[in-house]
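I have placed the structure first, in the form of C-alpha cells, so that the comments after it can refer back to it.
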Amino acid sequence: MVSFGFELLDSKRIDYNKSDGRLLNEILEKEPSFKRCISCGGCTATCTAGSLTNFNIRKINLMLRHGQTEGLEKEISKCMLCGKCFLVCPRDINLRNVIMLIKKGVLKYNTEKKKI
Amino acid sequence: MDIPFFAWPFLLGITFIIVFFIIISIIWITGLSGIDRVRIRKNFFTVKTFQAIWEVFRESLIHRKMYKRNPVLGYMHMSFAFGWFLLIVVGHIEAAVHYHTLNFPFWKSIFFRYAETNPPVTFIAKAFSAASDFLLIYIFSGVFLALYKRFNSKPFGMKKTTHLKTGDKIALIGLWLIFPTRYVCESITAGIYHNGSFFTQPTGNFLASFLPLQSIELASWWVYSLSLAVFFFALPVSRYMHIPVEILLIFVRKYGVRLKKHVNGYTRIQTFACSRCGVCLDSCQMIKANINNSQSVYFLKQIRGRKLNDEQLFNCLLCGRCQKDCPVGLDLNDLRITQRIESTKTYNSKYDYLKGGISPQADVVYFTGCMTHLTPSIKKAMLNVLDYANINYWFMDKDEASCCGRPLMQAGQYEAAKKLIRNNTEKILSSGAKILLVSCPICYQIFNEDYKLPGVKVMHHSEYLLELVNQGLIPTIKLPVNAVYHDPCTLGRGSHIYEPPRELLKNYLSLIPMKQEKEDALCCGGSLGNIKIEMDERKQIRDDVLDTFKSYNPDQIITACPLCKKTFAMGTDIEIHDLAEVVWKGISRKEHLDKKIRLPI
Ligand code: SF4
Ligand code: SF4
Ligand code: SF4
Ligand code: SF4
C-alpha cells in the first residue's frame with residue numbers, strides 16, 4: 001500500500017466484518033425509543049459516571065450502532081444507573097432500559113468471546 | 001364406623017388440604033433464614049401468638065382493612081369467610097350440645113341435619129337450627145354480590161376485576177355450589193323429617209309439594225359433599241390457597257420475620273398470600289397510561305406461575321401506593337425489588353474506579369444527589385441557606401459526584417449498590433460530621449435503610465430547615481401564597497416524613513389541604529423505580545396528577561423532591577418549587593423588608 005504519511009487508527013475504524021448487530025437489534029426491539037437517538041451527547045454531558053471516569057454513554061450508543069460490541073461489557077459496567085441521562089435526553093429515550101438491556105445482552109450474546 | 005358413603009368425598013378433601021397445607025408450611029418455614037427460625041421459636045410461646053390469632057380474626061375473617069378500603073368488597077369477603085367460619089363453629093357446638101360430648105364423629109357436625117333427623121324440640125336446639133339458617137342467608141348475600149361482581153364490577157368501586165385460571169374456575173364452582181347445595185339438601189331433609197328452621201323448612205315443604213323427596217335426598221347430600229371435595233382438592237391450584245397462607249403469613253410476620261434481599265420461604269409465603277382482590281389495580285396510576293399488565297396482582301401471579309418476565313417485573317414505579325392499600329399487608333415494593341435482585345444477579349458492576357481518601361472535616365455533610373444536580377435552583381437555595389445560617393458544612397458531591405446507590409437498588413443491582421454504599425460511607429464517616437443532610441428523598445431512603453452510619457443523623461432538608469427555623473437561625477415570613485404540597489413517594493410512603501415539610505412550609509405560605517396527600521399522595525410519574533416506562537407514558541401520569549392539583553386552584557405547587565419538581569415543571573405553567581426554594585425566597589424577602597427596601601413582588 002502506498003504510504004501517505006498518515007494512517008487510520010484501529011480504534012477509529014469500523015470493521016464491518018466484525019460487526020455484531022444482535023444486541024442492537026434486541027435493544028431496538030425491546031426499547032424502540034432508542035431509534036430516535038441523534039447523538040447529541042446531552043446524556044454524556046450530564047452523566048454521573050462520566051464525571052468520575054472517561055465513561056461516555058453516547059459513545060456506547062454509537063458503538064452499539066456500529067455493531068462494535070467488543071469491550072462493551074467493561075464500559076457499560078461503569079454506569080451508576082442514576083437516571084440523569086434520560087432526564088436530559090431531548091429525544092425522550094429511555095436510556096436506563098437501554099443500559100440494563102446492554103448489561104444483560106453482553107452476557108447473553110457472549111460478546112466478549114465474539115462467537116458470532 | 002358407620003360413615004355414610006356420601007361423606008367420604010368431603011372427608012378425603014379436608015384431609016388432603018390439611019396435610020397439603022402442613023407440608024407446604026414446613027417447606028416454607030424451613031426455607032427461612034436461621035435467624036428467622038429462631039425468631040419464630042422464641043416468640044411462639046409469647047403474647048405474640050395471641051396477637052396473631054386476634055389479627056387472623058380481624059383480617060382473615062372480618063376483613064377489617066378491606067372493609068375500610070372498600071365496604072362492599074369487604075362485606076362480600078366477610079360474608080364468605082366469617083359466615084362459613086360461624087357455620088362450622090355453630091355446627092360443632094350444636095352437635096356437641098346434642099350428643100352431650102365433644103367426642104362425636106366429625107362428619108356428623110358437618111352433615112348434622114342428615115345425621116339427626118328428629119325435629120328440634122328444646123329452645124336451644126331450635127335456636128341452633130335458626131342460627132344456621134340465618135348464617136346461610138348471610139353467606140348467600142355474599143354469593144350474590146360475588147356473582148354480580150363477576151358481571152359488573154363497577155358498584156365495587158373497581159375499574160378492573162382479576163382474571164381466572166382453570167384451577168380458580170374449578171374451585172370457584174365448588175365454592176359457589178357449596179352453599180346453595182347445602183341449602184337444597186337441608187331443605188329436602190327438612191321436607192321429609194320436619195327438622196328445618198325458618199328458611200329451610202318452608203323451602204322443604206314447598207319442594208315436598210311436587211318432588212319425591214325420599215328418593216332424591218341421598219343424591220342431594222352427595223352433591224353437597226362432592227362440591228366441598230371439589231373445592232378442597234382444587235384449593236392448592238386456585239386463588240383460594242391464599243386463605244390458609246394468609247393465616248400463616250400473619251403468624252410469621254408477628255414473630256418478626258421480614259423480607260430479605262433474596263428469595264426465601266417468606267417470599268413464597270407472601271407471594272401465595274395475595275388474595276387477588278384487585279385492590280392494588282385501583283391504587284395504581286399506571287392504568288392512566290394504559291399499562292395494565294404489570295401491577296402487583298399480576299406480578300405476584302407470574303411469580304406463582306413461574307412466568308415472570310423482565311418487561312413486567314421492571315414496569316412499576318415502586319410508588320408504594322398499592323402496598324399501602326393492600327388488605328393483606330404484603331410488602332409489595334420489597335417483593336418486587338427482591339425479584340429484580342434475583343433477575344439481575346449475573347451482571348453487577350464493581351466500580352473499581354471509585355477512589356477513597358480523606359474528607360474535609362465539617363459539622364454537616366451536604367449530599368445533594370444526582371437529581372438535585374439537575375435542578376440547580378434547589379441546590380443553590382440550599383447552599384444559600386446554609387451559608388446564611390453560618391453552618392460549617394462540606395458539600396460532598398460538589399464536583400466528583402457519585403450516586404447514592406438507590407437507583408441501582410431499585411433496579412435490583414444490589415451487589416453494585418453495595419460498592420457505592422461502601423465508598424460513600426467511608427467519605428461521610430471520615431468527615432467527622434454528625435449530620436448528613438440530603439436534598440433528595442431517593443438518597444434519603446437508602447441512607448436510612450441500607451447505610452450503616454454510626455453517630456451520624458441522616459436528615460432530609462425539610463427536617464433540617466425546620467430545625468434551623470426552630471432554633472431561630474433563619475427568619476420566617478408568611479407570604480400571601482396558597483399552595484398545595486405534594487408528598488414525594490419516597491419521602492412519604494417510603495420514609496414516613498409527612499409533618500416536617502408541612503410545619504416548615506406553614507411559616508412561609510398557606511397550604512391547601514388535599515384528599516390526595518400524605519399516605520394517599522399520588523406519584524408524579526417520574527420515579528426511577530420504573531425501568532421500562534416510556535416518557536410519553538410518564539407524561540400521561542404526570543398530567544393526570546397535575547389536573548388533580550389544578551382542581552384545588554393553587555398559586556404554587558410545592559414538593560420536596562428534585563425529581564418530582566423536574567417532572568412537574570415540564571408539564572404546567574403553575575409555579576413549581578422545592579421547599580428549599582420557598583425558604584430561601586422567604587429569607588431574601590424578609591431581608592429586603594427589614595432593610596426597608598421595597599421590591600416589586
Ligand atoms: S441525550 Fe438522548 S438523543 Fe442525545 S445522545 Fe444521549 S440518548 Fe442520544
Ligand atoms: S444512568 Fe448511567 S449513563 Fe445515565 S447519567 Fe447516570 S451514570 Fe450516566
Ligand atoms: S397484592 Fe394485595 S391488593 Fe393486590 S390483589 Fe394481592 S392482596 Fe389484593
Ligand atoms: S408500586 Fe405503584 S406503580 Fe407499582 S404496581 Fe404498585 S401502584 Fe402501580
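So if I check each of B:Phe5, B:Phe44, B:Phe20, B:Phe50, which one is aromatic (Phe, Trp, Tyr) and surrounded by 14 or more Cβ atoms within 10 Å (Cβ to Cβ)?
Checking each option against the conditions leaves just B:Phe20.
Anything in the range B:82-103 that is open to solvent by less than 30 Å² (accessible area, probe 1.4 Å) and touching a helix residue (DSSP H, G or I) at 6+ places or on another chain (Cβ under 7 Å)? List them, or say none. If the condition is that a residue be open to solvent by less than 30 Å² (accessible area, probe 1.4 Å) and touching a helix residue (DSSP H, G or I) at 6+ places or on another chain (Cβ under 7 Å), then B:Gly83, B:Leu87, B:Val90, B:Gly91, B:Glu94, B:Ala95 are the ones that fit. Look through the range B:139-155, keep the residues that are in contact with a Ser or Thr (Cβ under 7 Å, 6 or more places away or on another chain) and surrounded by fewer than 19 Cβ atoms within 10 Å (Cβ to Cβ), and return whichever of them is modelled with the lowest pLDDT. If we take residues in the range B:139-155 being in contact with a Ser or Thr (Cβ under 7 Å, 6 or more places away or on another chain) and surrounded by fewer than 19 Cβ atoms within 10 Å (Cβ to Cβ), then B:Ser153 is modelled with the lowest pLDDT.
Each residue in the range B:63-74 was checked for being under 14 Å from B:Ile250 (Cα atoms) and open to solvent by less than 60 Å² (accessible area, probe 1.4 Å), and 1 pass.
For B:Pro327, the criteria (1) buried (at least 20 other Cβ atoms within 10 Å of the Cβ); (2) part of a loop (DSSP other than H, G, I, E, B); (3) within 13 Å of another protein chain (Cβ to nearest Cβ) hold in every case but one, which is (3).
Going through (1) more than 16 Å from ligand 2 (Cβ to nearest atom); (2) within 11 Å of chain B (Cβ to nearest Cβ); (3) over 29 Å from B:Thr375 (Cβ atoms) one by one, A:Glu73 falls short only on (1). For beta carbons closer than 6 Å, sequence separation of 6+ or different chains, a first residue in the range A:30-48 that is more than 9 Å from chain B (Cβ to nearest Cβ) and a second that is among the small types (Gly, Ala, Ser) and near ligand 2 (Cβ under 10 Å from one of its atoms), the qualifying pairs are A:Thr44/A:Gly50.
Could you pull out every one of the helices (runs of 4 or more DSSP H) wholly within the range B:344-463 that has 1 or more residues that are open to solvent by 10 Å² or more (accessible area, probe 1.4 Å), closer than 30 Å to B:Ile587 by Cα and more than 14 Å from chain A (Cβ to nearest Cβ)? Even if it seems obvious, please write down each step before you answer.
Numbers: elements: B:370-373, B:376-388, B:406-410, B:414-430, B:441-449.
Because the criterion is at least 1 residues that are open to solvent by 10 Å² or more (accessible area, probe 1.4 Å), closer than 30 Å to B:Ile587 by Cα and more than 14 Å from chain A (Cβ to nearest Cβ), the helices (runs of 4 or more DSSP H) in the range B:344-463 that meet it are B:376-388, B:441-449.
Restricting attention to the range B:181-207, the residues being open to solvent by 30 Å² or more (accessible area, probe 1.4 Å) and not in a helix (DSSP H, G or I) number 3. For the range B:269-311, the candidate set comprises residues that are open to solvent by 30 Å² or more (accessible area, probe 1.4 Å) and in a loop (DSSP other than H, G, I, E, B); within that set, the residue that is farthest from B:Phe251 (Cα to Cα) is B:Asn290. Taking the conditions (1) assigned to a helix (DSSP H, G or I); (2) of a type in the set (A, V, I, L, M); (3) surrounded by 15 or more Cβ atoms within 10 Å (Cβ to Cβ) in turn, A:Leu81 satisfies each one other than (1).
The values are calculated or read from the model by the stated rules, or taken from the named source; none is laboratory data. These figures come from a predicted structure and were not determined experimentally. All Cβ positions, glycine included, derive from the backbone under ideal geometry; neighbour counts span all protein chains shown. Keep in mind that these areas ignore ligands, DNA and RNA; they rest on the heavy atoms of the full protein, side chains included. Shrake-Rupley method; radii C 1.70, N 1.55, O 1.52, S 1.80 Å.
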